[in-house]
Amino acid sequence: MADVKVKKESSDPVDIENRIKALCQQFPHGITDQVIQNDMPHLEAQQRAMAINRLLSLGQLDLLRNSSGLLYRMKDAQTASKMKGSDNQEKLVYQVIEDAGNKGIWSRDIRYKSNLPLTEINKILKNLESKKLIKAVKSVAASKKKVYMLYNLQPDRSVTGGAWYSDQDFESEFVEVLNQQCFKFLQSKAEVARDSKQNPMVQRNSSFATSHEVWKYICELGISKVDLSMEDIETILNTLIYDGKVEMTIIAAKEGTVGSVDGQMKLYRGVNPIIQPTGLVKAPCGLCPVSPPSQATAAKWLRFNTHTSISLGIKHCIGDIH
């Protein structure tokens with residue numbers, strides 16, 4: 001009877017490390033210790049720990065934490081070179097910040113995800129900032145708090161407030177100028193349509209302008225120090241709609257048409273309001289391009305302005321209510 005040969009699993013440290021890296025490549029979002037155990041059941045806990053610690057010390061693995069525990073993930077070569085010489089705690093904090101993307105993350109959330117003491121996190125954050133690996137950015141949502149993100153990232157609009165904020169201050173005058181110029185453009189287009197002496201339906205259709213046309217007009221004026229997107233202009237146009245000065249319609253458009261999205265295009269035209277807008281629409285939140293007012297926000301503004309002027313109310317509303 002022939003001898004049956006049983007394949008013996010390798011216990012060589014290099015083979016173990018290579019197998020762990022292969023598992024990480026197979027599961028790019030990360031693997032748990034249980035995955036390694038299931039793949040190499042012959043290994044003792046000490047052997048697994050030694051292999052993982054070596055890969056971490058060489059900067060070949062990232063150590064992450066999620067709801068199910070620790071995760072190990074392959075580190076790309078570029079990140080590995082940046083973090084050369086950093087200890088595991090610093091690498092963990094860097095990874096948590098990297099995962100937050102351009103919306104950033106508060107130090108409180110870093111502490112929760114890394115499970116490190118706040119004093120240690122503050123020390124690591126200062127060290128990473130000094131290396132220009134991360135940066136602290138003030139958020140318009142909470143001016144006294146900072147969020148951390150990778151150094152080379154452009155902060156998301158939800159952090160900076162977009163074109164409507166400068167150094168954490170809402171640019172109410174800038175928004176008002178844009179409102180006036182957008183409305184002026186639509187008014188002039190409506191006047192040209194009326195002067196054409198064509199039939200009423202043709203006049204009405206030719207008085208409409210796309211958001212791209214309005215955006216192009218504003219860009220050519222050169223009144224903005226920041227680059228405005230079509231989305232920014234549509235936000236301003238929406239405030240004019242709320243004020244009863246502009247109406248919008250949506251038409252079908254061919255794919256690839258300038259200004260169209262998903263086969264649809266928004267058209268705007270200036271109108272003369274039948275009745276004057278109500279007081280609430282004239283309130284700061286009624287004109288605010290950030291978001292339409294909620295019932296609670298409107299009530300808070302009205303209570304505040306019982307003994308306060310509207311001009312002061314604008315500043316208070318944008319800074320404290322939104």
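Within the range 228-248, can you find the residues that are farther than 16 Å from LYS189 by Cα, open to solvent by 60 Å² or more (accessible area, probe 1.4 Å) and touching a residue at least 24 places away in the same chain (Cβ under 8 Å)?
TYR242
Assuming VAL177 fulfils every condition listed in (1) assigned to a loop (DSSP other than H, G, I, E, B); (2) open to solvent by 40 Å² or more (accessible area, probe 1.4 Å) apart from one, which condition is it?
(1)
Yes/no matrix, rows are residues, columns are (1) more than 22 Å from LYS75 (Cα to Cα); (2) at pLDDT 85 or above; (3) open to solvent by 60 Å² or more (accessible area, probe 1.4 Å):
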| position | (1), (2), (3) |
| --- | --- |
| ASP3 | yes, no, yes |
| LYS7 | yes, no, yes |
| ASN18 | no, yes, yes |
| ALA22 | no, yes, no |
| GLN26 | no, yes, yes |
| THR32 | no, yes, no |
| HIS42 | yes, yes, yes |
| GLN46 | yes, yes, yes |
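How many of the residues in the range 206-227 are of a type in the set (Gly, Ala, Ser) and either without any contact (Cβ under 8 Å) to a residue 24 or more places away in the chain or closer than 15 Å to ASN179 by Cα (or both)? Break it down stepwise before answering.
Let us first name the residues in the range 206-227 that are of a type in the set (Gly, Ala, Ser), namely 206-207, 209, 211, 222, 224.
Subsequent filtering for residues that are either without any contact (Cβ under 8 Å) to a residue 24 or more places away in the chain or closer than 15 Å to ASN179 by Cα (or both) retains 206, 211, 222, 224.
Qualifying residue count for the region: 4.
Being assigned to a loop (DSSP other than H, G, I, E, B), open to solvent by less than 70 Å² (accessible area, probe 1.4 Å), over 18 Å from ASN238 (Cβ atoms) and in contact (Cβ under 8 Å) with a residue 12 or more places away in the chain, is that true of even one residue in the range 158-170? Steps first, please.
We begin by selecting, within the range 158-170, every residue assigned to a loop (DSSP other than H, G, I, E, B); these are 161, 167-168.
Those left that are additionally open to solvent by less than 70 Å² (accessible area, probe 1.4 Å): 161, 168.
Adding the requirement that they be over 18 Å from ASN238 (Cβ atoms) leaves 168.
Add one more test, that the residue is in contact (Cβ under 8 Å) with a residue 12 or more places away in the chain, and what stays is 168.
Yes, the conditions are met somewhere in the range 158-170.
Tell me whether the range 196-214 contains one or more residues that are open to solvent by 60 Å² or more (accessible area, probe 1.4 Å), of a type in the set (Lys, Arg) and on the phi > 0 side of the Ramachandran plot. Walk me through it before giving the result.
The first filter runs over the range 196-214 and keeps only residues open to solvent by 60 Å² or more (accessible area, probe 1.4 Å), leaving 197-201, 204-205, 213.
Pick out the ones that are also of a type in the set (Lys, Arg) and you get 197, 204.
Checking which are on the phi > 0 side of the Ramachandran plot leaves us with 197.
Yes, some residue in the range 196-214 is open to solvent by 60 Å² or more (accessible area, probe 1.4 Å), of a type in the set (Lys, Arg) and on the phi > 0 side of the Ramachandran plot.
Looking only at residues in the range 81-140 that are among the hydroxyl-bearing types (Ser, Thr, Tyr) and open to solvent by 20 Å² or more (accessible area, probe 1.4 Å), which one is nearest to ASP62 (Cα to Cα)?
So, considering only residues that are among the hydroxyl-bearing types (Ser, Thr, Tyr) and open to solvent by 20 Å² or more (accessible area, probe 1.4 Å), the one nearest to ASP62 (Cα to Cα) is SER81.
Quick one: would you say ALA77 is of a type in the set (A, V, I, L, M), modelled with pLDDT of 85 or more and either open to solvent by less than 80 Å² (accessible area, probe 1.4 Å) or under 17 Å from ASN152 (Cβ atoms) (or both)?
Numbers: of a type in the set (A, V, I, L, M): yes; modelled with pLDDT of 85 or more: no; either open to solvent by less than 80 Å² (accessible area, probe 1.4 Å) or under 17 Å from ASN152 (Cβ atoms) (or both): yes.
No, not satisfied.
The values are calculated or read from the model by the stated rules, or taken from the named source; none is laboratory data. Since this is a predicted model, take the numbers as computed values, not measurements. Positions of Cβ are backbone-derived with ideal geometry, glycine not excepted, and every protein chain shown enters the neighbour counts. Accessible surface areas use protein heavy atoms only, side chains included; no ligands, DNA or RNA. Shrake-Rupley method; radii C 1.70, N 1.55, O 1.52, S 1.80 Å.
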